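Undergrad: Quick one: the structure is below, and I'll ask about it shortly.
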Amino acid sequence: MARSQPAAAEADGRARRAAATTCGWCGGPITPRSRGPIPKWCSATCRHRAWEQSRAAACDQAAVRVVERHVQIRVPLQPTRRDWPRLLTELADQLSDGRVYDRDLPGLARALQPVLQAYRSRARTTGAPDVP
C-alpha cells in the first residue's frame, strides 16, 4: 500500500501538469515542462501583467488609470497683409545666408513665379511700383 500512494501522487502531478495548458492572463497555450513548477502564464509579459493587476486590486485601484489633460497646440495662422514684408525679408535673409538648400531653389523659383506674375498684374492696375 505504501507504493500505491506515491504512484497516486505522481499520477495526480501528471494530471495537474496536463491541465495547465492555458495562460492565466491571455488564455494562450502553455507547454508545461516535465519538471519544475507548473506554469500559470505563457510568458514573462503575461506574468507581469497579472502581477500588476493583482497589485492594483490589493490597493483597490484599477491597473490602468486614465489621465485626461488638456494640451495646447499652437496652430500657425495664415499670414496677413502686414506679415508679408517681414516674411519676404526673412526669406531673402535666409537665401543670402545660405540657410536655404540648393536643392530647394528650383521649387522656390516655381513658387515665386506666380507670386511675381500676380504682383505685376496688380501693380499695372493700381499704379504700384513694378518689380524688375
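Undergrad: When you go through Pro37, Pro114 one by one, which is the residue that is exposed (fewer than 10 other Cβ atoms within 10 Å of the Cβ) and in the same structural domain as Gly27 (by TED's automatic domain parsing)?
TA: Pro37
Undergrad: Taking only pairs six or more apart or across chains, which ones have beta-carbon atoms under 9 Å, a first residue in the stretch 78-106 that is of a type outside the set (Phe, Trp, Tyr), and a second residue that is part of a loop (DSSP other than H, G, I, E, B)?
TA: Between residues of the stretch 78-106 that are of a type outside the set (Phe, Trp, Tyr) and residues that are part of a loop (DSSP other than H, G, I, E, B), the close pairs are Asp83/Leu77; Arg86/Pro79; Leu87/Pro79; Leu91/Val100; Asp93/Arg99; Gln94/Val100.
Undergrad: Next up: Select, from Val75, Val131, Val67, Val71, the only residue that is surrounded by fewer than 10 Cβ atoms within 10 Å (Cβ to Cβ), within 30 Å of Gly24 (Cα to Cα) and among the β-branched types (Val, Ile, Thr). Step through it out loud before you land on a result.
TA: Details: Val75 fails: within 30 Å of Gly24 (Cα to Cα); Val131 fails: within 30 Å of Gly24 (Cα to Cα); Val71 fails: within 30 Å of Gly24 (Cα to Cα).
Matching residue, one of Val75, Val131, Val67, Val71: Val67.
The values are calculated or read from the model by the stated rules, or taken from the named source; none is laboratory data. Since the structure is predicted, the reported quantities are computational estimates derived from the model, not experimental observations. Note that we place each Cβ from the backbone using ideal geometry, even for glycine, and neighbour counts take in every protein chain shown.
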